[in-house]
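Okay, structure first, notes after.
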Amino acid sequence: MKAIRVSTPGGPEVLRLEDVAEPAPKAGEAIVKVDAAGINYIDVYQRSGQYKLALPLTLGLEAGGTVTAVASDVTEVRVGDKVAYTGIPGAYAQFAAVPAQRLVTLPSGVSTKQGGAAMLQGLTAHYLACSTYPLKSGDTCLVHAAAGGVGLLLCQIAKMRGARVIGTVSTPDKAKLAREAGAAEVIDYSKQDFEAEVRRLTDGKGLQVVYDAVGKTTFEKGFNCLAPRGMMVLYGQASGPIGPFDPQTLNAKGSLFLTRPSLNHHIVTRAELVQRSNELLGWIRDGKLKVRTEFEFPLKDAAEAHRALEARKTTGKVLLIP
Ligand code: NDP
């Protein structure tokens, strides 16, 4: 089968289409014929060596597809089931071996492409808005990179929970998408000072929570946007890692909270994975949550897809189609 392999860390050019052996299921595993593999910013960190992994490897942490084989001890899924998953390496390929415990069966009305597009970024938006800081009516939140993969989903879920959403984006087209996803206000942080704008838009009161996965270029200023006892949720670093941080800042700026969460710790047990996924996929089935999948690339063009993501040219989900 074909797969996108990385043998050495580097730029998008290190993503190579190679022939590898088709996997067979080991104990507890199912084989998924991949219909759509999701591209995520973490793939960039892994490819470039910012996150260190043993190489060579097949990149990709999520997909949607059809079960084609299962080990004899597997009870969670059957051959022919339409499924999706996240958190297991090897999705940029025609087939993937996945622990059956990590698979969720898609509800009827949700396609394998939607499933592959929704799992990583959707479950992230879910835990950020429902668990890390459980948004409620009366809250105002800031969502950085609001037209990105996580961003568009987070705006929608935050609005569903009754919060007022302020989004940041870098272009007018992205501003339009963020508004359509539920942002009441959108700031172009490439032109405007988002700190001053947030102060103005909240009448100087500040925010209950900042969701920041841009990192280097936004992190410090975000603290000045928070109301006393507000929460800074740093969940990524698309513009680069932040420097050292002094906890005294949290005291000086209003008894603030800082957390640096990760999806893995929010879907540790199968029960939690299934509960979050059922809620997320149910919203998609019911039309309450829209997953934007405008950016699709053939598997062989993974490098081009990474270039587009890193150049901030994409919005919503970026998919690879084997
Ligand atoms: P996005 O689709 O959001 O793409 C990244 C966006 O970040 C860009 O479109 C761009 O939007 C913005 N950005 C700002 N500065 C830069 C820069 N210097 N270079 C590139 N992009 C920049 O990606 P994802 O939805 O896949 O991921 C978003 C973030 O969420 C990532 O940091 C990722 O690591 C993180 N994440 C964290 C998880 C967790 O559990 N902790 C799980 C999933 C994702 P604009 O042009 O509008 O500024």
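Going by the structure shown, is Q114 among the polar types (S, T, N, Q), assigned by TED's automatic domain parsing to the domain that holds T314, within 20 Å of V150 (Cβ to Cβ) and in contact (Cβ under 8 Å) with a residue 40 or more places away in the chain? The answer is yes for Q114.
Residues in segment 157-193 that are in a helix (DSSP H, G or I) and either of a type in the set (K, R) or buried (at least 23 other Cβ atoms within 10 Å of the Cβ) (or both): I157, A158, K159, K174, K176, L177, A178, R179.
For segment 287-322, name all the residues that are charged (D, E, K, R), closer than 23 Å to D173 by Cβ and away from the ligand (no atom under 12 Å from the Cβ).
K290, E296, D301, E304
If only residues of segment 218-240 that are free of Cβ contacts under 8 Å to residues at least 60 places away in the same chain and touching a helix residue (DSSP H, G or I) at 6+ places or on another chain (Cβ under 7 Å) are counted, the one that is nearest to the ligand (Cβ to nearest atom) is L234.
From the list R270, R260, the one residue that fits, being surrounded by fewer than 17 Cβ atoms within 10 Å (Cβ to Cβ) and in contact with a Leu (Cβ under 9 Å, 6 or more places away or on another chain), is R260.
Taken over segment 99-157, the criterion of being within 14 Å of the ligand (Cβ to nearest atom) and under 16 Å from G64 (Cβ atoms) is satisfied by G116, A117, A118, M119, L120, Q121, G122, L123, G149, L153.
Of the residues G254, G236, G243, G287, the single one that is part of a loop (DSSP other than H, G, I, E, B) and at pLDDT below 95 is G243. Screening V44 on (1) more than 16 Å from the ligand (Cβ to nearest atom); (2) surrounded by fewer than 21 Cβ atoms within 10 Å (Cβ to Cβ); (3) not in a loop (DSSP other than H, G, I, E, B) shows it passes everything except condition (1). Among the residues of segment 115-128, just one is more than 19 Å from P89 (Cα to Cα) and touching a strand residue (DSSP E or B) at 6+ places or on another chain (Cβ under 8 Å), namely L128.
Can you find even one residue in segment 135-146 that is surrounded by fewer than 18 Cβ atoms within 10 Å (Cβ to Cβ) and out of contact with any Gly (no Cβ under 7 Å at 6 or more places or on another chain)? Yes: one or more hits.
The values are calculated or read from the model by the stated rules, or taken from the named source; none is laboratory data. These figures come from a predicted structure and were not determined experimentally. Heads up, the Cβs are rebuilt from the backbone with ideal geometry, glycines too, and the neighbour counts pull from every protein chain shown.
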